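Below: the structure, in structure tokens.
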Ligand code: ADP
């Protein structure tokens with residue numbers, strides 16, 4: 001639309017004087033909007049051909065006896081990388097959707113304890129024979145207003161990261177509780193931890209502490225950006241504390257207005 005966007009900045013000098021700065025950021029805003037639309041459109045357009053390619057590869061690999069054994073490894077690699085690209089496109093599309101509006105797509109009371117239980121089971125499956133010990137303490141009376149799908153993608157990103165970045169046999173602890181400041185979800189691990197200088201940038205798109213390490217884990221580099229956006233929309237924020245070599249704790253804090261406490 002042709003509404004102008006202005007940014008106001010007031011600076012105080014001494015006791016009486018103020019400086020009011022008005023900046024016209026309409027063009028900047030439009031460019032940002034174009035960037036978002038472009039990313040969403042490209043991701044969407046790339047998805048269809050990729051689905052077709054993945055479909056043919058699946059058919060080929062389903063008939064493995066008809067495939068020249070010399071090509072088998074190459075086809076499996078193509079399938080694996082195709083799946084990675086599909087995950088990346090899905091994450092890009094989700095992020096574009098989250099950036100498009102300021103509020104969650106739904107406003108239902110979400111039973112996070114049940115959701116966390118199913119995320120915990122998925123995480124245990126992801127851990128496989130690495131045998132992480134995953135514990136969950138969740139208040140069954142505590143619910144959060146918002147979108148179940150969005151919260152699930154945020155919480156599962158945090159729990160799956162804990163598995164990905166914790167060596168085999170490590171401990172992962174998930175807690176969901178409330179107090180006078182609101183509701184809180186924390187995911188702690190005994191993993192590799194993160195150096196303090198990286199922490200402020202972790203929620204940036206594609207930011208990774210170590211890109212070679214991240215490509216082994218199959219991550220997209222978008223997980224924590226998704227977490228940040230989902231929390232913002234649910235009046236929440238993310239706190240990260242970490243000790244390199246010891247482990248990390250990611251805590252989501254939600255404002256009291258977002259909390260539904262069922263009568264006990
Ligand atoms: P990725 O897909 O690479 O996991 P994320 O946005 O989820 O992307 O995370 C960004 C980076 O933050 C990761 O590449 C990793 O370096 C670091 N990170 C995230 N969670 C943890 C954790 N629990 N322990 C150590 N490092 C982590």
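Only the coordinates and a few stated rules stand behind these numbers; no lab work does. Computed from a predicted structure; not experimentally measured. Every residue, glycine as well, gets a Cβ built from its backbone with ideal geometry; the counts of neighbours run over all protein chains shown.
Quick rundown of the values:
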{"read-out": "Helix-only CD estimate at 222 nm, as mean residue ellipticity for the chain, using -39500 (n - 2.57) per DSSP H run (n ≥ 4)", "value": "-15500 deg cm²/dmol"}
{"read-out": "Residue 177 versus residue 257: modelled label distance in nm, points set 7 Å from Cα along the beta carbon direction", "value": "2.6"}
{"read-out": "Acute angle (nearest 10 degrees) that the helix 112-127 long axis makes with the longest principal axis of the chain, alpha-carbon atoms", "value": "40"}
{"read-out": "Cβ-derived FRET efficiency at R0 35 Å, residue 22 paired with residue 117, nearest 0.05", "value": "0.10"}
{"read-out": "Burial ranking of peptide ranges 6-19, 248-261 (average Cβ count within 10 Å, highest at the top)", "value": "248-261, 6-19"}
{"read-out": "Antiparallel bridge percentage (DSSP; both residues within the chain; nearest 5)", "value": "85"}
{"read-out": "Difference of contour (0.36 nm per residue) and Cα-Cα distance, residue 101 to residue 72", "value": "6.0 nm"}
{"read-out": "Nearest 10 degrees, 0 to 90: helix 223-233 Cα axis against the chain principal axis", "value": "40"}
{"read-out": "Cα point-scatterer Debye curve for the chain, base-10 log of I(q)/I(0) at q = 0.14, 0.16 Å⁻¹", "value": "-1.11, -1.29"}
{"read-out": "For peptides 120-133, 47-60, sequence by mean Cβ density within 10 Å, most packed first", "value": "120-133, 47-60"}
{"read-out": "Packing rank of 113-119, 96-102, 224-230, where each peptide gets the mean count of other beta carbons within 10 Å, highest leading", "value": "224-230, 113-119, 96-102"}
{"read-out": "Set of the range 217-245 residues, backbone N closer than 20 Å to the point 7 Å along the Cα-Cβ line of residue 199", "value": "223-229, 231-232, 236-245"}
{"read-out": "Relative contact order (percent, whole number), the chain, Cα cutoff 8 Å, 6+ residue spacing", "value": "17"}
{"read-out": "Pairwise FRET efficiency - residue 137 versus residue 64, Cβ, R0 = 51 Å, nearest 0.05", "value": "0.65"}
{"read-out": "Cα-based helix-to-principal-axis angle, 148-164 vs the chain, degrees rounded to 10", "value": "60"}
